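No lab work stands behind these numbers, since they all come straight from the coordinates. These figures come from a predicted structure and were not determined experimentally. All Cβ positions, glycine included, derive from the backbone under ideal geometry; neighbour counts span all protein chains shown.
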Amino acid sequence: MSTDQHGRPRAGAVGFSRRTAWDLACNPLAQAVARAGSDGRRLLDLTESNPTRCGLHYDEQAILRAFSNPGALAYAPEPRGMHSARAAVGAYYAEHGAHLDAGQLLLTTSTSEAYSFLFRLLCDPGESVVVPAPSYPLLEFLATLDDVDLESYELVYHDGWQIDFTSLAAACSSRTRAVMLVHPNNPTGSYVKPHEAEQLNEFCAARRLALIVDEVFLDYALSPPPGTGRDVFTFARNREVLTFTLSGLSKIAALPQMKAAWMAVSGPPAQQLAALERLEVIADTFLSMSTPVQLALPHLLEQRRTIVPQLTERVQKNLAELDRRLAAQQAVERLAIEGGWYAVLRIPATGADDDFAVALVEGAGVMVHPGHFYDFRREGYVVVSLITSQDVFAEGIALTVAAAAAM
């Protein structure tokens, strides 16, 4: 866009909002991947996060049959979503020990949309939400689009990941409206421990803050996390402070293309009711989830019973292959993981992680994510996906470990 010396658009040029003033230039890693593609070189993608490209066995007939409901021909919008779909989500949570009324559930097309609804619900422009670091990079874009500021608190690593409550307190201010968690975190794979949940409730209650908890990877526990007892717990059963628990079919049933997600609202009854009333107006404004998907949702959610075991087995086998490779050297370390689809590798911090990732594409034809992509504050970290097909993972991780050991 053409601008004058004061940054204002020149005559005839359309102006755009400051919230979309992103740097849209390709970064060096994207450029390296593009060059490899244009040259026809084979790339081993250790960043794959799309389960529909990972060789899973879906019940295709059951999925397609779920969309043959004649009710899809009628339009009868319900702001919170169809009762039948919300009841199916409620049954899912009941299996996790959280007994929710369908009225506590609200359907959205994605967790991204749920975040946007909650930013609008909780924050005026310029107010803030505190988020963990490391964490997934999408949150910054979502917050910017809703004129909400993000402040970070740290997850620290000492034989496992923990919430740094000192940094959490430092990140909060009079502008803070909510604390965000990812349970288990992406990419660290760490669950919030029961004693941390208790401390978070005390922290939020004292400061009148809500909790926003992303649980899309909840069902992918590698083993019961330390201190949790036999089962992983869901924050949907949290009653101490106003809590919004997010999830959806994208990870639970490995069906990201269906665009079906939800939030569960729990907490003190009066706050819960007020939040749901306002959320219903927000949802009624958009009415975004399609009728066919809502009708199909109970059947699609059942796909988790065959998909979760497949992906868990894939993660465990790739993790075993990774550990076998690491056992033969000392330069690369895998950080502890409790669940989810990713592994964090600590590599020699002899340069920028970006440079390592670019060199790996150019020299070995392997794609990994540099740590800064997930807001690691120091160099010396890369992240790999554990749902990649086993043959690709085995070959790619061997080349990655060899390249890091040679640094």
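Going by how many other beta carbons lie within 10 Å of each one, how would you line up Thr312, Thr350, fewest first? Provide the component values of the computation, followed by the final result.
Values: Thr312 18, Thr350 11.
By the 10 Å Cβ count, ascending: Thr350, Thr312.
Peptide packing for 26-34, 375-383, 70-78 was compared via the average number of neighbouring C-beta atoms within 10 Å per residue; ordered from the highest value, the list is 375-383, 26-34, 70-78. Mind running the shape call on the chain? Use the C-alpha gyration tensor, a ≥ b ≥ c as the square roots of the eigenvalues: rounded below 1.5 for a/c, prolate if a/b tops b/c, oblate otherwise. Rounded. Bridging of Lys259 to lysines at a Cα separation below 20 Å is possible for Lys251, once same-chain residues fewer than 8 apart are set aside.
When its C-alpha radius of gyration is set against 2.2 N^0.38 Å (N residues), the stretch 60-301 gives a value of 0.99. Each of the peptides 243-249, 50-56, 296-302 was scored by the mean count of other Cβ atoms within 10 Å over its residues; in descending order, highest first, they stand as 243-249, 296-302, 50-56.
Taking only Cα atoms and a 10 Å spring cutoff, compute GNM fluctuations for the chain and point out the largest among Glu277, Glu215, Glu95. So, out of Glu277, Glu215, Glu95, the one fluctuating most is Glu95. In the chain, taking the dipole from charged Cβ atoms about the Cα centre, the farthest positive-side position among Tyr58, Gly267, Gly160 is held by Tyr58. Electrostatic tally near Ile252: other residues with Cβ closer than 14 Å to its Cβ, Lys and Arg +1, Asp and Glu -1, net -1. Highest GNM mean-square fluctuation, the chain, Cα pairs closer than 10 Å: which of Arg334, Arg19, Arg346? In this elastic network of the chain, the residue with the biggest mean-square fluctuation among Arg334, Arg19, Arg346 is Arg19.
Among Asp59, Asp159, the ranking by other beta carbons within 10 Å of each residue's beta carbon, starting with the fewest, stands as Asp159, Asp59.
Adding -39500 (n - 2.57) for every DSSP H run of four residues or longer, then dividing by how many residues the chain holds, sets the calculated 222 nm ellipticity at -12000 deg cm²/dmol. Sort the stretch 75-161 into rounded, prolate or oblate with this rule: let a ≥ b ≥ c be the square roots of the eigenvalues of the Cα gyration tensor; rounded if a/c is under 1.5, and if a/c is not under 1.5, prolate when a/b is larger than b/c, oblate otherwise. Cα axes put the stretch 75-161 in the oblate bin.
Each listed q (0.13 Å⁻¹) maps to a log10 I(q)/I(0) for the stretch 195-354, found by the Debye formula over equal Cα scatterers with no solvent: -0.85.
Assigning unit charges at the beta carbon (Lys, Arg +1; Asp, Glu -1) and nothing else, what dipole magnitude in debye, to the nearest 20, does the chain show about its Cα centre?
Working: 33 positive and 46 negative charges, 87 e Å.
My answer is approximately 420 debye.
Counting other beta carbons within 10 Å of each Cβ, put Arg175, Arg325 in order, fewest first.
Details: Arg175 14, Arg325 17.
Least crowded to most crowded, the residues run Arg175, Arg325.
In straight-distance terms, cross-link reach from Lys317 covers every one of the aspartates and glutamates whose alpha-carbon lies under 20 Å from its own, apart from those fewer than eight places away in the same chain; here that gives Asp45, Glu48, Asp219, Glu333, Glu338, Asp391, Glu395.
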